[in-house]
Amino acid sequence: MAELSNKDGLNRCPHCGGSDIATDAKAGKLKCNYCQTVFDAKSANEAGGVEGMKGETRGLGAADIIPGDDIVKTFKCPACGAEVVLNTEESLSASCHWCRHIFSANEQISNGAVPDLVLPFSMTREEAEKKIRELVEPKMDSLDGEFKAAFKPEDVRGVYFPYMIVDVNAHSTSDGEAEKTVEQKSYPPYKVDEYFISRDFDVLVDDLTVESSSSRLNQDTYVNSNNIINAILPFDTENATVWNANYLRGFASEKRTVNINNLKEIVALQSGDIARKKARESAAQYDRGIHWEHEHLGIKGTSWKAAYLPVWLYSYKGTKDARIYYIAINARTGETVGCLPTHDKKGLNIDARHHHENETRAEVKNMKAEDKLTKQGKKVYTREIEYRNDNRVIGSLSHGRDEMLAIEKGRFQNGANYTHKKSSSINVAMIIFWIIFAIMMFAILTGGHGGRSGRSSSSSSGYDSSWSSSSSSSYDSGSSYSSGSDSSSGFSYSYDY
């Protein structure tokens, strides 16, 4: 993430030098109100620059929110020097009565209203309405009658939502067991080789984007569907420009309500997911997966910038329930996600989420890998390695970490059920054998001597499908995460500065 440019906060016309600048929403560019020149704002957030970053840097707009800070401010116009009074509760910008320059308080507002960066709208209202119709109209037959009667795509609104854009320079270490198939066949037992593997590398995360509104960090999807704001990520944040109030003309905005300290865990978990994916890519030969026993992400440096990102938003609130349904459109990429009220009121697309582990720019440096064969040609009855966790995602905002653990648990249990089903002929033969054996022993042993079948209650594969109730997700002083399996495994992180 490049350092902010244009220290005076001005975007000046390259033709006449004027600072009375408006936005051209259709083109996603700036327009000079004097000479009508349309031009691109210079990016203040170019990709790269993560390697070697140490400690924590914060943009002025990412500073902690000060509760109760005076909302009436007096500012000096950066263009001509005149003083202008601005009530930040009513507006984030003011027009200089001398030179007509439109300016904002920028870093001087400490209430979370003004960011460091802004990414302009590049989609018109008409294009947004078309996207909404394309999403809704094919599904009309299954939608709630009240919604269909009230459906008006022209009610869509353009909104700037607050995000934190974070660069992360970290070091990832992990070790565990991995398995690959030796003989390909469709029924158990399978013949596999087992390895001890470890991965040690630097991971450079560029523009990890997380929401900075408290109302969307802890969501109840049974009450609302605003997780779709997360699902329309990613944005092309490398094209974000330095904050300028001109971009807000004609659009609504929502100010940031969360400080950096409240986002550090989310950033660490999502960065850990990215590192886990990179480690998995380096071990693609293990077709049966990996059980990481230890994972640690040591964060050496971070850079935080507050940003406004553009969204076209359509909402509907039914009279039969209190739930609000949303359709959101990424006003840069056109990606459209909606939760629509159906006849059964369950909603459509409620589980959509941003796949941060795949959609965030990241680079691996200084990879050190160890792969050591520990067991050759062993026979197993499960399709995957026991307690596989190389594909898990624990930093998801829309699902929540508890739900992600439940998904993992279900996968493990399904694996055990698959084993039981495939090895049913073996189990039936074993049961018949032990029944006959028990009857014989009972007939032989009399006079107070009882017989036992001696059969273990565990599956023939030796796989324990139980999930300990005491091993749910846990956090240790905000710096570690446990996956909660019966086998020792977990992810931990630390901010090493």
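Annotations for the structure displayed:
- Among the candidates E281, E265, E295, the residue that is buried (at least 20 other Cβ atoms within 10 Å of the Cβ) and on the phi < 0 side of the Ramachandran plot is uniquely E295.
- Considered as a group, the residues in the range 35-80 that are at pLDDT below 75, touching a strand residue (DSSP E or B) at 6+ places or on another chain (Cβ under 9 Å) and loosely packed, with under 15 Cβ neighbours inside 10 Å include one that is nearest to L263 (Cα to Cα), and that residue is I71.
- The residue that is least open to solvent (accessible area, probe 1.4 Å), among those in the range 236-254 that are touching a Phe, Trp or Tyr at 6+ places or on another chain (Cβ under 8 Å) and of a type in the set (G, A, S), is A245.
- When residues of the range 155-204 are limited to those that are among the β-branched types (V, I, T), open to solvent by 20 Å² or more (accessible area, probe 1.4 Å) and assigned to a strand (DSSP E or B), the one modelled with the highest pLDDT: T173
- Subset of the range 205-236 (residues that are at pLDDT below 85, part of a loop (DSSP other than H, G, I, E, B) and of a type outside the set (S, T, N, Q)): D220, Y222, V223
- Residue selected from the range 326-341 under the condition in contact with a strand residue (DSSP E or B) (Cβ under 9 Å, 6 or more places away or on another chain) and open to solvent by 10 Å² or more (accessible area, probe 1.4 Å), by the criterion farthest from S271 (Cα to Cα): Y326
- Qualifying residues in the range 137-154 (those that are touching a Pro at 6+ places or on another chain (Cβ under 9 Å) and of a type outside the set (A, V, I, L, M)) - the one surrounded by the fewest Cβ atoms within 10 Å (Cβ to Cβ): E146
- Per this entry, S271 is not counted among residues that are touching a residue at least 24 places away in the same chain (Cβ under 8 Å), outside any strand (DSSP E or B), surrounded by fewer than 20 Cβ atoms within 10 Å (Cβ to Cβ) and among the small types (G, A, S).
- The residue pairs whose first member lies in the range 360-377 and is closer than 30 Å to V166 by Cα, whose second member is assigned to a strand (DSSP E or B) and among the basic types (K, R), and whose beta carbons are closer than 6 Å, counting only pairs six or more residues apart or on different chains, are A369/R199.
- S315 vs. criteria at pLDDT below 95 and small (G, A, S): yes
- Checking T302, T257, T319 one by one, the residue that is buried (at least 23 other Cβ atoms within 10 Å of the Cβ) and β-branched (V, I, T) is T302 and no other.
The values are calculated or read from the model by the stated rules, or taken from the named source; none is laboratory data. If you're wondering where the values come from, they're calculated on a predicted model, not measured in any experiment. Every residue, glycine among them, receives a Cβ derived from its backbone with ideal geometry; neighbour counts consider all protein chains shown. Remember, those area values only see protein heavy atoms, side chains included, never the ligands or the DNA or RNA. Shrake-Rupley method; radii C 1.70, N 1.55, O 1.52, S 1.80 Å.
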